[in-house]
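Working notes for the structure below.
The values are calculated or read from the model by the stated rules, or taken from the named source; none is laboratory data. Please read these numbers as outputs of a predicted model, since none were measured by experiment. Methodologically, a virtual Cβ is constructed for each residue, glycine included, from the backbone with ideal geometry; neighbour enumeration extends over all protein chains shown. Side chains are part of the model used for accessible areas, which takes the heavy atoms of the whole protein and leaves out ligands, DNA and RNA. Shrake-Rupley method; radii C 1.70, N 1.55, O 1.52, S 1.80 Å.
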Amino acid sequence: MRRITTHFLAIMLISVSFLSFSDTLYAAYRPAVYAESVLAFTNVERYKEGIPLLKSNNKLSDVALYKMRDMFNREYFEHVSPTGESVSDLADRFEYEYIVVGENLAFGDFVSSKDVVEAWMDSKGHRENILADKYTEIGIAAGRSNFEGSHVWIIVQAFGRPKSTCPTVNTELGRELETLQDRLEIYERVANIRKVQADRTDGSLNERKARIDAYNLVARLYNNLAENYRDLVDEYNETVGDYNDCLKDVIGSV
């Protein structure tokens with residue numbers, strides 16, 4: 001009995017012995033699947049196609065381990081848990097900041113890690129995940145336990161590409177722009193008030209000149225700050241554009 005399923009969203013390697021076996025004779029001869037060798041065979045397939053090898057990631061390993069244990073504990077085999085958690089939700093839970101994440105699942109009586117990877121490679125969706133160059137990192141968990149009266153393996157691959165692979169948006173600059181925008185709004189309100197005063201025709205010539213000078217002062221302050229603001233906006237938009245271009249490249253490979 002075998003089941004495999006694949007899933008992806010368009011965004012430390014760990015070996016798990018989920019149960020301890022007291023029967024040493026059975027443990028010596030039982031089928032064995034290990035996370036390390038699942039990764040090795042997965043990277044063999046990528047190497048054959050000239051695709052960069054996947055690197056192990058601690059947080060993705062936590063995602064895979066949690067998913068594997070959760071499926072055993074609650075006896076389900078789906079990409080979305082009974083409480084609605086998907087691989088992207090688990091990535092958020094374990095603070096893995098990603099551009100794209102994906103997942104392969106396997107369930108059944110596998111005899112080796114190679115057997116698992118071969119089964120995935122025989123399935124279009126799983127093969128696409130394994131060979132997707134949009135992914136750069138992976139976490140894997142493999143465990144064997146009781147599931148609805150049978151003793152089976154569940155293997156999870158959690159794929160990801162971290163946000164750090166794209167240029168970062170300058171958040172400090174973004175906050176500075178917000179501050180400048182607040183100041184511009186203040187200058188604009190003051191300028192409007194002084195413009196009304198400068199347009200008045202009452203009072204002496206010196207008083208009218210003083211009102212005009214006061215307006216011109218605020219207008220100069222506003223214009224100088226506005227020019228600085230526009231330059232910073234251009235700089236900020238450039239960093240956002242670089243980040244968005246990187247995202248397009250990744251999403252375009254989906």
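Peptides 65-76, 187-198 ranked from most to least packed, by the mean per-residue count of other Cβ atoms within 10 Å: 65-76, 187-198. Our helix-only sum for the chain, with -39,500 (n - 2.57) per DSSP H run of n ≥ 4 divided by its residues, gives a mean residue ellipticity at 222 nm of -18000 deg cm²/dmol.
Surface composition of the chain: carbon plus sulfur atoms hold 50% of the accessible area, using a 1.4 angstrom probe and ignoring ligands, DNA and RNA.
Note on percent of Cα pairs over 28 Å apart: of the candidates [x] 33; [y] 51; [z] 57, the value calculated from this structure sits at [y]. Computed from point charges on the beta carbon alone (+1 for Lys and Arg, -1 for Asp and Glu), the dipole magnitude for the chain about its Cα centre is near 120 Debye.
The length gained by stretching the chain between V196 and V169 to full extension, at 0.36 nm per residue less their Cα-Cα distance, is 5.6 nm.
Computed with a 1.4 Å probe over protein heavy atoms only, the accessible surface of the range 29-88 comes to 51 Å² per residue. Summed over the residues of the range 134-254 and divided among them, the accessible surface reaches 59 Å² per residue at a probe radius of 1.4 Å. Considering only alpha-carbon pairs that sit under 8 angstrom and 6 or more positions apart, the relative contact order computed for the range 79-132 is 25 percent.
Each of I251, N237, V117 was placed along the dipole of the range 103-254 (beta-carbon charges, centred on the mean Cα), and the one lying farthest toward the positive end is N237.
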